[in-house]
């Protein structure tokens with residue numbers, strides 16, 4: 001485990017991307033999901049958040065790569081079709097493609113999150129202007145990450161806070177959108193599954 005961490009934590013971004021791709025290729029379910037997503041004819045999307053971070057944590061902690069992962073997040077951005085019926089069509093399309101993977105797929109159009117966010121979390125938010133602006137607000141620096149395959153099957157990675165916290169197993173709050181209570185709830189759940197995480201307090 002220590003040697004694995006040395007190869008990526010505090011390494012240059014090129015090395016970190018190589019290690020990240022190696023880990024993803026080693027995860028049968030995650031790689032299959034990323035590969036199939038490219039076949040959906042949805043241009044503006046990422047697979048990301050917890051499923052990526054937790055796969056890396058599992059790799060670094062010598063756990064099965066699918067340990068503790070509740071779902072795979074499929075985030076896309078369609079500003080022209082903000083109704084739930086359009087989103088539901090995409091949900092059904094994704095679920096049909098991934099039906100045999102034996103894992104939950106959480107599909108959300110990030111362009112319409114502001115329409116239901118206040119009802120769910122109790123406070124409003126401004127509409128996201130792009131898919132990347134949505135990822136910029138995801139709850140922690142380690143889980144603010146999205147991946148997809150490019151035209152030549154190269155791995156495209158969007159990680160606005162870099163990959164160092166991810167490879168250091170550091171959980172640091174991204175206060176752009178979430179509250180302290182939301183962060184605390186996530187930390188309590190994660191630390192039970194990955195007790196070797198380094199948790200950065202909300203107030204630092």
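In table form, for the structure just shown:
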| read-out | value |
| --- | --- |
| Residue among 145, 170 that alone is in contact with a strand residue (DSSP E or B) (Cβ under 7 Å, 6 or more places away or on another chain) and buried (at least 17 other Cβ atoms within 10 Å of the Cβ) | 145 |
| Top-ranked residue of region 1-18 - restricted to ones that are assigned to a loop (DSSP other than H, G, I, E, B) and at pLDDT 50 or above, ranked as nearest to residue 155 (Cα to Cα) | 12 |
| Residue, surrounded by the most Cβ atoms within 10 Å (Cβ to Cβ), within region 64-85, restricted to residues that are more than 17 Å from residue 32 (Cβ to Cβ), free of Cβ contacts under 8 Å to residues at least 40 places away in the same chain and touching a helix residue (DSSP H, G or I) at 6+ places or on another chain (Cβ under 9 Å) | 78 |
| Count of region 98-155 residues which are in contact with a helix residue (DSSP H, G or I) (Cβ under 9 Å, 6 or more places away or on another chain), more than 20 Å from residue 55 (Cβ to Cβ) and part of a helix (DSSP H, G or I) | 10 |
| The one condition in (1) surrounded by fewer than 20 Cβ atoms within 10 Å (Cβ to Cβ); (2) within 25 Å of residue 23 (Cβ to Cβ) that residue 159 fails to fulfil | (1) |
| Count of region 44-55 residues which are part of a helix (DSSP H, G or I) and surrounded by fewer than 23 Cβ atoms within 10 Å (Cβ to Cβ) | 0 |
| Residue 82 being out of contact with any strand residue (DSSP E or B) (no Cβ under 8 Å at 6 or more places or on another chain), outside any helix (DSSP H, G or I) and at pLDDT 95 or above | no |
| Residue, surrounded by the most Cβ atoms within 10 Å (Cβ to Cβ), within region 187-204, restricted to residues that are in contact with a strand residue (DSSP E or B) (Cβ under 7 Å, 6 or more places away or on another chain) and either part of a helix (DSSP H, G or I) or free of Cβ contacts under 8 Å to residues at least 24 places away in the same chain (or both) | 190 |
| Unmet criterion (only one of (1) modelled with pLDDT of 95 or more; (2) loosely packed, with under 15 Cβ neighbours inside 10 Å; (3) at positive phi) for residue 102 | (1) |
| Residue within region 40-50 that is modelled with pLDDT of 95 or more and more than 28 Å from residue 133 (Cβ to Cβ) present | no |
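The values are calculated or read from the model by the stated rules, or taken from the named source; none is laboratory data. It should be emphasised that the depicted structure is a prediction, and the values quoted were computed from it without experimental measurement. When we count neighbours, we look across all protein chains shown, and the Cβ atoms used for this are built from the backbone with ideal geometry, even at glycine.
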